[in-house]
Amino acid sequence: MTAVAVAPAERPAPREQYPIALAAVLVTVAMLFTAFTSALVIRRTGADWVRIPLPPMVWANTVVLILSSLALERARAAAKGDATSRIADWLGVTAALGVLFLVGQLVAWRQLVGQGILLRTGPHPAFFYMLSAVHGAHVLGGLGALGWTGRRARAGAYGAAQHDGLTHTAVYWHFVGVVWLWLLAVLSTL
Amino acid sequence: MKRERRQTGEVVALILLFLAITVFTVGGFARQWMPPVASAHGVGVDGVIWYLLKATGPVLVTGAVIFMYFLWRYGRGRPTPAPTPNPRAELWWSIVPVVGMMALTEVGVVVKGMPVWEQIYAPIPADAVTVEVTGQQFEWIVRYPGPDGKFGRVKPELVDKTNPAGLDRDDPAALDDIVVRNQVHVPLGRPVYIRLRGRDVLHSFSVASFRVKQDVVPGVLNRVLFVATAPGRYEIACTQVCGMGHYKMHGAVYVDQPQDYQDWLQHQTGWLQQ
Amino acid sequence: MSATAEHAQPGFWRHYVFSTDHKMIGKQYILTAVVMALFATTWSVLLRLHLAWPQAQWPLLGKLFPGLFQDGVLLPERYLSLVTMHGTVMIFFVISISLVSGFGNFVIPLQIGARDMAYPFLNMLSYWTIVPACLIMLASFFAPEGAAGSGWTAYPPLSALPDAAPGSGLGQTLWLFAMALFIASFTMGGLNFVTTILNLRTRGMSMFRMPLTVWTMFIASILGILAFPALTAAAIMLLLDRLGSTSFFLPSGLVMGGTVLPHQGGTPLLFQHLFWFLGHPEVYVLVLPAIGIAFDVVAAHGRRPVFGYRTSVWALVVVAVLSMIVWGHHMFVSGMSPYVGEYFSIATVSITGPFAVLALNLVASLWRAEIRLTSAMMFALAIVAAVGIGGVGGIFLATATSDQYLHNSYFVVGHFHLMIAVVTFFAIFAGIYHWFPKMFGRRMNETLGKAHFWLTVPTTIAGFVTMHFLGMAGEQRHLYDPSAYKFLEPVQWLNVLISILLFIPGAAQFLFLWNFFHSMVAGERVGPNPWQATTLEWTTESPAPHLNWGAELPVAYRGPYDYRLNGAPDGYEPQAAAPSAAALVTS
């Protein structure tokens, strides 16, 4: 506690706000999937745990998701290189691949249902359906972020000097991809 | 002047209020509210509670006295020296409560509490009477293993009004199993091991006089272990909300003299043999 | 946001309804909480009426609430719905949204010298997510079998099986949806608070110059971000168990209505772990801001700096960290491993250490004070008493061995009401009396405030302390009819005493509401700093204008509580007052 008055501490110009908000979003999403993972680990000790083979489609969907991250990185490279017209194009590719991923997940669900494996069939498929749905919801949110970023890109907001919004959207999107790899690892091995 | 006088009146009223609260709290907690203890480990549970009352009571009273003094000294407008910042005092007055409260409370948990905790979760002694209690909406189905000393197989699909325990006729060990509703007979002075099962939702088997409480969790076999130390009839209460009949899910534990317990047991016939 | 930009006068909808101004949003949250509190208090009146006189008939109430009563007596299943909804609405839709969302929104930007929250639009969305959440919660009473009745803790299987109880049907599903919306809203809000506090502090406002109210809102927001996802996960799995025939929490062999249910392999304890992983930090999300407000009020109305500002900050951080690793103390008798139980017990009682620091610092902040007995100060002082008794009572529950007896008894009910009803409501009252001028440019009536204090404080404290005695006698909670147990007959008079004690403050709140609304339009007008307080919010007009200050934001030159130091002329040095040239010392 200051009893003696001191000169005001100099502060730098207001820092970019997004990293903190982005961190909060990533933390909250990470905690959600941590909670689900711990639930799976505990539920797995039940006598009725039978790991079903994941529908083949999910592997194709995973490739699509990875490609979408690569496309997003091209968008960022375009921004860094000041090729502003290409940014929106690559964002579009990313979003299209994201949509393809979601459609592919629905196809994967149909493959499972076709085999007679439903939510109620067992705990492992229940986790598969639930986790892929919750993950899909976060991909949907990411598509919203991509849409918003795309509009800003078309309005010329991003360039070599300033493209933080794009970077943060990219971090979120990659994070959601990493979450999917995690879920895949957990669901295919446990 | 007038404002000071009015505030003095308010200060006095406030001090009286906090004094009344302190007296009410300490006086209330000093009274014996708990039903007389009737189990061996229950004495230890009560010991922990009394330790905490006696250890925390003085802390509360000391805090209250200081608090009331400050109100009296600094609330009536008397000249007061300006507070000077004193980081060292502030640091010490963090260390002191942390160390003090940690010592007080961890003594409670570790020194006084753990030995009793170990009694509660001790391995089941060889001479224990084993009873199975199944909690269901809204009654306690009590099962004894019968003369063969073995619990027979039960199946949920066999549960109905005529077979509340779901005993499986195909299992010879089940034929002599004794089933009663809402009452448990136990002998005085011998360890009693209750296997707790649940059939529908969570319940909790609780006997206040024994200081016994354990949840009934469907799918999990929970246990209660106690030695009754006084004969009599003790109420069983369900202490986990289980639906609209939760309030009337009572039963009774009868602590009998050993001979009376044997007599009662011998009087019972296997449920499936009735 | 440029201070000099001209803002066209917003229309009615943008100004009062879909406002993005943190001050309006804060007031919206508080007003919403008032409405929800009226409901939740009414329900508690019905409960206490029944508990005191279980056999009595109330024909008038039967007419007013036809679905709840039969022959003038409250129905047992409706009793459980009222208990469930009372708890749920009070915790989330009254205290969380008024203390944290309401005060947090109003006070944080003003105290750190910012023009608004970091994300005003998101802020508006947060509020407008709460409104449907409230409506869905209230609507659940009109579900065919009534509102959820499994307790605010919603343990499965009771909450997972629609046939297990009336209220476990659509009522429980609606409860889950309302909670999902609440969590979404609270998370958005927490994100806003954290970003604002970290990024929008004005020049000179270092973290250790922030008022304790801001610190506690900051820590509470972080706790919420870390802890709520566990409840989200649990709620999703519970919904799937209910509607999708999954078995996350439901084991095999369940028999309901004579049939064996098809579930397999799940365990109800998993829900309890996930629930309490949120549930325990949640109570600190509520209590810590209450303590922060108490510090601010005690400093301003006691005319001295907080004793131990820094140690209080560290104590708050330690309490928050510990709060995340002690959830198992709600599950001591659940059949959890006794070793795990011992760990949780040892860890939980360690919270008394930093908590004692906070209590001691609050009391020591009166040493060499010049106490002004305003309504705000009196409620802040009452917080000290409630925190002391409630905190000590917690030790009995944290010690696993004594909890063996006290679990789910009225000792628990008394304890948590003292901590998250009495402490928090006293803080809300103190905060309102204190910041009302900044919200509305007027003062509340002090005489009515004192009357409010005297009718509320002795009765609520006495009432909830008495519940501890009832718990010592062994009375369990969620108990529709205490007369069903012979061993409780000798203490039924305690139920009567508690009810009578609590009806008084229940009624007294109308006095407070009258004072609140009447003073809004007819209270004595005041200037920028009626309390002669030091923190930044008091450097702007009352009520605080749009964008909070004029062209220049205030600069923080010192800590937040420089009262009566350095022989300052008015007995205090505002945080924004530049030091005189002679006294300037560069750090």
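Hey, can you tell me all the residues within segment A:1-59 that are at pLDDT 90 or above, over 22 Å from residue C:232 (Cβ atoms) and surrounded by fewer than 15 Cβ atoms within 10 Å (Cβ to Cβ)? I'd like the intermediate steps shown before the answer.
Initially, segment A:1-59 is screened for residues at pLDDT 90 or above, giving A:20-45, A:48-59.
Next, from what is left, pick out any that are over 22 Å from residue C:232 (Cβ atoms): A:45, A:48-59.
Result: A:45, A:50, A:52, A:53, A:56, A:59.
Being part of a loop (DSSP other than H, G, I, E, B) and touching a residue at least 24 places away in the same chain (Cβ under 8 Å) narrows it down to one of C:28, C:55, so name that one.
On the way: C:28 fails: part of a loop (DSSP other than H, G, I, E, B).
Residue meeting the stated conditions: C:55.
Has segment C:158-174 got at least one residue that is away from chain B (no Cβ under 14 Å) and either part of a loop (DSSP other than H, G, I, E, B) or surrounded by 24 or more Cβ atoms within 10 Å (Cβ to Cβ) (or both)? Walk me through it before giving the result.
Here is the first cut: in segment C:158-174, the residues away from chain B (no Cβ under 14 Å) are C:170, C:173-174.
Filter once more, so that each one left must be either part of a loop (DSSP other than H, G, I, E, B) or surrounded by 24 or more Cβ atoms within 10 Å (Cβ to Cβ) (or both): none.
No, that holds for no residue.
Out of segment C:146-158, which residues are farther than 12 Å from residue C:86 by Cβ and touching an Asp or Glu at 6+ places or on another chain (Cβ under 8 Å)?
Our first condition is that a residue be farther than 12 Å from residue C:86 by Cβ; within segment C:146-158, this holds for C:146, C:150, C:153-158.
C:146, C:156, C:157 - these are the residues of segment C:146-158 that are farther than 12 Å from residue C:86 by Cβ and touching an Asp or Glu at 6+ places or on another chain (Cβ under 8 Å).
I'm checking my understanding of the structure. Among residues of segment C:327-360 that are over 22 Å from residue B:222 (Cβ atoms) and part of a loop (DSSP other than H, G, I, E, B), which one is farthest from the other protein chains (Cβ to nearest Cβ)?
Just the residues of segment C:327-360 that are over 22 Å from residue B:222 (Cβ atoms), to begin with: C:346-347, C:349-360.
Checking which are part of a loop (DSSP other than H, G, I, E, B) leaves us with C:350-351.
Working: C:350: 6, C:351: 9 Å.
Out of the qualifying residues, it is C:351.
All but one of (1) in contact with a Lys or Arg (Cβ under 8 Å, 6 or more places away or on another chain); (2) more than 9 Å from chain C (Cβ to nearest Cβ); (3) acidic (Asp, Glu) hold for residue B:263; which doesn't?
Here residue B:263 meets the rest and fails (1).
Can you find a residue in segment C:361-376 that is surrounded by fewer than 24 Cβ atoms within 10 Å (Cβ to Cβ), in contact with a Pro (Cβ under 8 Å, 6 or more places away or on another chain) and facing chain B (nearest Cβ under 9 Å)?
Yes.
With the requirement that a residue be in contact with a Gly (Cβ under 8 Å, 6 or more places away or on another chain) and more than 9 Å from chain B (Cβ to nearest Cβ), what does segment C:464-487 give you?
We begin by selecting, within segment C:464-487, every residue in contact with a Gly (Cβ under 8 Å, 6 or more places away or on another chain); these are C:464-471, C:478, C:487.
Within segment C:464-487, C:464, C:467 qualify.
Taking residue C:515 as meeting all but one of (1) surrounded by fewer than 21 Cβ atoms within 10 Å (Cβ to Cβ); (2) in contact (Cβ under 8 Å) with a residue 60 or more places away in the chain; (3) more than 14 Å from chain A (Cβ to nearest Cβ), write down the number of the exception.
Result: residue C:515 fails condition (1) only.
Can you tell me which residue among B:81, B:123, B:58 is at pLDDT 95 or above and over 26 Å from residue C:386 (Cα atoms)? Working first, answer last.
Working: B:81 fails: at pLDDT 95 or above; B:58 fails: over 26 Å from residue C:386 (Cα atoms).
When all the criteria are applied, what remains is B:123.
When you check residue C:143 against the structure, is it touching a residue at least 40 places away in the same chain (Cβ under 8 Å) and either of a type in the set (A, V, I, L, M) or within 11 Å of another protein chain (Cβ to nearest Cβ) (or both), yes or no? Spell out the reasoning first.
Numbers: touching a residue at least 40 places away in the same chain (Cβ under 8 Å): no; either of a type in the set (A, V, I, L, M) or within 11 Å of another protein chain (Cβ to nearest Cβ) (or both): yes.
It is false that residue C:143 is touching a residue at least 40 places away in the same chain (Cβ under 8 Å) and either of a type in the set (A, V, I, L, M) or within 11 Å of another protein chain (Cβ to nearest Cβ) (or both).
Do we have any residue at all in segment C:245-262 that's facing another protein chain (nearest Cβ under 9 Å), assigned to a helix (DSSP H, G or I) and of a type in the set (S, T, N, Q)?
Checked segment C:245-262: no residue is facing another protein chain (nearest Cβ under 9 Å), assigned to a helix (DSSP H, G or I) and of a type in the set (S, T, N, Q).
Looking at residue B:52, is it within 24 Å of the chain's Cα centre (by Cα), within 7 Å of chain C (Cβ to nearest Cβ) and closer than 24 Å to residue C:319 by Cβ? Before you say what the answer is, go through the steps one by one.
On the way: within 24 Å of the chain's Cα centre (by Cα): yes; within 7 Å of chain C (Cβ to nearest Cβ): yes; closer than 24 Å to residue C:319 by Cβ: yes.
The answer is yes for residue B:52.
Considering only segment C:68-117, state which residues are surrounded by fewer than 24 Cβ atoms within 10 Å (Cβ to Cβ), among the aliphatic types (A, V, I, L, M) and not in a helix (DSSP H, G or I).
Hits for segment C:68-117 are C:68, C:73, C:75.
With the condition kept exactly as written, say whether any residue in segment C:189-198 is more than 7 Å from every other protein chain (Cβ to nearest Cβ), surrounded by fewer than 24 Cβ atoms within 10 Å (Cβ to Cβ) and touching a residue at least 24 places away in the same chain (Cβ under 8 Å).
no
Starting from segment C:222-238, keep only residues that are more than 7 Å from chain A (Cβ to nearest Cβ), then list their pairs with residues that are crowded, with 24+ Cβ neighbours inside 10 Å and not in a helix (DSSP H, G or I) whose Cβ atoms are within a distance under 8 Å, requiring at least 6 positions of separation or different chains.
Close Cβ pairs satisfying both conditions: C:238/C:154; C:238/C:156; C:238/C:159; C:238/C:160; C:238/C:248; C:238/C:249.
Out of the residues in segment B:41-96 that are without any contact (Cβ under 8 Å) to a residue 12 or more places away in the chain and of a type in the set (D, E, K, R), state the one that is surrounded by the most Cβ atoms within 10 Å (Cβ to Cβ).
Residue satisfying both the conditions and the ranking: B:90.
Residue B:173 fails exactly one of the following numbered conditions: (1) surrounded by fewer than 24 Cβ atoms within 10 Å (Cβ to Cβ); (2) touching a Cys at 6+ places or on another chain (Cβ under 6 Å). What is the number of that condition?
Among (1) surrounded by fewer than 24 Cβ atoms within 10 Å (Cβ to Cβ); (2) touching a Cys at 6+ places or on another chain (Cβ under 6 Å), the lone unmet condition for residue B:173 is (2).
Step by step: first the residues of segment C:263-273, then only those that are free of Cβ contacts under 8 Å to residues at least 24 places away in the same chain and closer than 10 Å to residue B:218 by Cβ, then the one that is nearest to the other protein chains (Cβ to nearest Cβ). Which residue is that?
C:267
Residue pairs, Cβ under 6 Å, 6 or more apart or interchain, first in segment B:97-112 and in contact (Cβ under 8 Å) with a residue 60 or more places away in the chain, second buried (at least 21 other Cβ atoms within 10 Å of the Cβ). List them.
Final answer for the pair search is B:108/B:52; B:108/C:399; B:112/B:48.
Just a yes or no: is a residue in segment B:106-114 over 19 Å from residue B:54 (Cα atoms), surrounded by fewer than 19 Cβ atoms within 10 Å (Cβ to Cβ) and either of a type outside the set (Phe, Trp, Tyr) or not assigned by TED's automatic domain parsing to the domain that holds residue B:187 (or both)?
Residues of segment B:106-114 over 19 Å from residue B:54 (Cα atoms): none.
Within segment B:106-114, not a single residue is over 19 Å from residue B:54 (Cα atoms), surrounded by fewer than 19 Cβ atoms within 10 Å (Cβ to Cβ) and either of a type outside the set (Phe, Trp, Tyr) or not assigned by TED's automatic domain parsing to the domain that holds residue B:187 (or both).
Filter segment B:228-254 for residues that are touching a residue at least 40 places away in the same chain (Cβ under 8 Å) and either in a helix (DSSP H, G or I) or touching a Gly at 6+ places or on another chain (Cβ under 6 Å) (or both) and give the result.
B:236, B:246, B:248, listed by residue number.
I'd like the residue in segment A:66-83 that is closer than 14 Å to residue A:172 by Cβ and among the hydrophobic types (A, V, I, L, M, F, W, C) and, out of all such residues, is farthest from the chain's Cα centre (by Cα).
Going residue by residue through segment A:66-83, those that are closer than 14 Å to residue A:172 by Cβ are A:68-69, A:72-73, A:75-76.
Right, trim to among the hydrophobic types (A, V, I, L, M, F, W, C) and you get A:72, A:75.
On the way: A:72: 12, A:75: 17 Å.
The extreme case among them is A:75.
The values are calculated or read from the model by the stated rules, or taken from the named source; none is laboratory data. Source: prediction; values computed, not measured. No Cβ is skipped: glycine too gets one built from the backbone with ideal geometry, and neighbour counts run over all protein chains shown.
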